[in-house]
Structure formats: C-alpha cells, structure tokens
1. When both residues are 6+ apart or on different chains and their Cβ atoms are under 8 Å apart, which pairs have a first residue that lies in segment 54-72 and is surrounded by 12 or more Cβ atoms within 10 Å (Cβ to Cβ), and a second that is among the charged types (D, E, K, R)?
2. Could you check segment 79-129 and list, in sequence order, the residues that are in a loop (DSSP other than H, G, I, E, B) and aromatic (Phe, Trp, Tyr)?
3. Select from segment 73-84 the residues that are more than 8 Å from the ligand (Cβ to nearest atom) and open to solvent by 80 Å² or more (accessible area, probe 1.4 Å) and list them in ascending order.
4. Looking at segment 51-68 only, could you name the residues that are assigned to a helix (DSSP H, G or I), touching a Leu at 6+ places or on another chain (Cβ under 8 Å) and under 21 Å from ASP91 (Cβ atoms)?
5. Here's a check for you: in segment 91-107, which residue that is of a type outside the set (S, T, N, Q) and over 16 Å from the mean Cα position of the chain (by Cα) is most open to solvent (accessible area, probe 1.4 Å)?
6. For segment 74-129, how many residues are over 19 Å from LYS54 (Cα atoms), among the β-branched types (Val, Ile, Thr) and touching a residue at least 12 places away in the same chain (Cβ under 8 Å)?
Amino acid sequence: MLLCLLLFAGLVSTAFRSETGVGNNAGWVSMPLDTTKTDKETGLVTDPNLYMVKAQCTSCHSSKLIIANRFTRDGWKQKIRWMQANHNLWDLGETEKQVLDYLEKHYAPTVTAARRKPLNDIKWYKLEE
Ligand code: HEC
C-alpha cells in the first residue's frame, strides 16, 4: 500500500510539474523584464514621472548611479538628503514626491526569484485505508 502511495505521489508531482511549467524557469522568471520599457537616453524605466527624474537627477551624474541602486522610499529620501547635505543638490520641493514615487516604484529592493503561481483547480483525492 505504501508503495502505491509513493507511485501515486510521483505521478501527481510529475503531472503538476508539466502543467505549471515549473521545469521551465527561464520562461516565466524573465517575464517582468521583457515587459519593462526603458528610456533610450537614460536607460531608466519609462513612466509618467520619468521626465521629472530626468530633470532633477541626471544633470550632475549619469542615470547609471540610479539604475545601479535599489532602496526603499525612505532609503531614496536619505540619499537625496545626503546629496543635499554634501553635494549641493537643491531642494526638490513639490517635485520630491514625484521623484520618490518613481524611485520607489521602479528601483526598490526586490526579491528576484519569482514565486510559482498559486495552484488552482486542485483535485483532492481520498487516501484509501
Ligand atoms: C547637484 C548635483 C546632483 C544632483 C542634481 C543629483 N545628484 Fe546624486 N549624486 C551627486 C554626487 C556628487 C554624488 C556622488 C557621486 C560619486 O560618488 O561619484 C551622487 C551620488 C548619487 C547616488 C549614489 C549614492 C551612493 O551611495 O553611492 C545615487 C543613487 C544618486 N546620486 C541618486 C540621485 C537621485 C535619485 C537624484 C535626483 C533626486 C540625484 N542623485 C540628483 C550629485 C547630484
């Protein structure tokens, strides 16, 4: 009976694997990258707020400094304060919110390993005595 169970479990997991494409990591892990558009000039992610980031953040240094970093909203705010204290960055005033919205949305720390999709249509089965 135990053997039966093991065989069955094996079958289920094989079926599951082919159904959800877990074996084919490359396909869905890279998906978000394919759908992300970047600005030709700066390499920054395209967004309605990008123009403001370009105006405020790319005159002193390359956008590469932004692209190479990942911070939380607070972390970005601290960077801005740090540049204001040490590198003559001006007060961003009203536009700081737009800049932070943008940075938080596109350059936040992310977990790169995508999770598998939630299971659906699970067919439960009764274990026989
Ligand atoms: C007034 C000039 C100026 C402007 C405008 C400016 N920065 Fe900077 N930033 C600097 C300087 C100077 C450095 C230090 C560069 C270095 O270390 O080579 C720097 C460094 C950085 C770094 C790297 C920090 C680190 O820890 O290495 C990031 C990220 C950054 N800036 C983001 C931004 C963002 C986002 C904006 C727009 C809000 C911005 N910068 C606008 C002057 C500026």
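1. Pairs found: LYS54/ASP39; LYS54/GLU41; SER63/LYS54; ASN69/LYS79; PHE71/LYS79; THR72/GLU104.
2. Let us first name the residues in segment 79-129 that are in a loop (DSSP other than H, G, I, E, B), namely 87-94, 107-129.
Correct list: TRP90, TYR107, TRP124, TYR125.
3. Of segment 73-84, the ones more than 8 Å from the ligand (Cβ to nearest atom) are 73-75, 77-78, 81, 84.
Within segment 73-84, ASP74, LYS77, GLN78, ARG81 qualify.
4. Taking segment 51-68 and keeping what is assigned to a helix (DSSP H, G or I), we get 51-57, 64-67.
When the remaining residues are screened for being touching a Leu at 6+ places or on another chain (Cβ under 8 Å), the result is 53-54, 56, 66-67.
Result: VAL53, LYS54, GLN56, ILE66.
5. Let us first name the residues in segment 91-107 that are of a type outside the set (S, T, N, Q), namely 91-94, 96-97, 99-107.
Now drop any that are not over 16 Å from the mean Cα position of the chain (by Cα), which leaves 91-94, 96-97, 99-100.
On the way: ASP91: 127, LEU92: 10, GLY93: 45, GLU94: 173, GLU96: 23, LYS97: 126, VAL99: 0, LEU100: 8 Å².
The selected residue is GLU94.
6. Going through segment 74-129 one residue at a time, the tally reaches 1.
The values are calculated or read from the model by the stated rules, or taken from the named source; none is laboratory data. What you see is a predicted model; the values in this text were computed from it and never measured. Neighbour counts run over all protein chains shown; Cβ positions are idealised from the backbone, glycine included. Remember, those area values only see protein heavy atoms, side chains included, never the ligands or the DNA or RNA. Shrake-Rupley method; radii C 1.70, N 1.55, O 1.52, S 1.80 Å.
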